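Here's the structure we're looking at; comments come further down.
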Amino acid sequence: MLDGRLVGLSCDLARAFADLARHQRGYLLQEWIRQAEQDAPKPMKGFAGFLRQDLDAVTAGLTLPWSSGVVEGHVNRVKTLKRAMYGRASFELLRTRILTQP
């Protein structure tokens, strides 16, 4: 069971990470990871270690203004159509629906 100090620290670290993401402060990420790996409960230490594995990509994601959200939206739309039509229609009809939908 976690004591009150660890719960408070976990909340503080979670808020700090949300602030990093919300305000694109990727330059503070290494310090956040160091603090989480040193003081946090095991689940948060694991999360920090996971971030460290691909530090350059995570830092870029928390720093740069670009997003792949539009592309992910299109991929989601295509997958939804594909699932809905599975086993019911030909590839040509699926292709037509993908290309003609906005």
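Of the residues making up the range 39-55, those that are modelled with pLDDT of 90 or more and loosely packed, with under 12 Cβ neighbours inside 10 Å are F50, Q53, D54.
Looking at the range 84-95 only, could you name the residues that are out of contact with any helix residue (DSSP H, G or I) (no Cβ under 8 Å at 6 or more places or on another chain) and within 20 Å of G73 (Cβ to Cβ)? Break it down stepwise before answering.
Let us first name the residues in the range 84-95 that are out of contact with any helix residue (DSSP H, G or I) (no Cβ under 8 Å at 6 or more places or on another chain), namely 84, 86-92, 95.
Listed by number, the residues that qualify are A84, R95.
When the range 62-102 is filtered for residues that are part of a helix (DSSP H, G or I), small (G, A, S), at pLDDT below 90 and under 30 Å from G26 (Cβ atoms), only G69 remains.
Taking the residues in the range 48-84 that are in contact with an Asp or Glu (Cβ under 9 Å, 6 or more places away or on another chain) and not charged (D, E, K, R) as candidates, determine which candidate is farthest from F17 (Cα to Cα).
Residues of the range 48-84 that are in contact with an Asp or Glu (Cβ under 9 Å, 6 or more places away or on another chain), as a first pass: 48-49, 52.
Among the residues that remain, those that are also not charged (D, E, K, R) are: 48-49.
Values: A48: 10, G49: 14 Å.
Looking at residues that are in contact with an Asp or Glu (Cβ under 9 Å, 6 or more places away or on another chain) and not charged (D, E, K, R), I get G49.
Within the range 56-102, being hydroxyl-bearing (S, T, Y), surrounded by 11 or more Cβ atoms within 10 Å (Cβ to Cβ) and more than 29 Å from the chain's Cα centre (by Cα) holds for one residue alone: T96.
The values are calculated or read from the model by the stated rules, or taken from the named source; none is laboratory data. The structure displayed is predicted, hence computed values, not measured ones. Note that each Cβ is placed from the backbone with ideal geometry, even for glycine, and that neighbours are counted across all protein chains shown.
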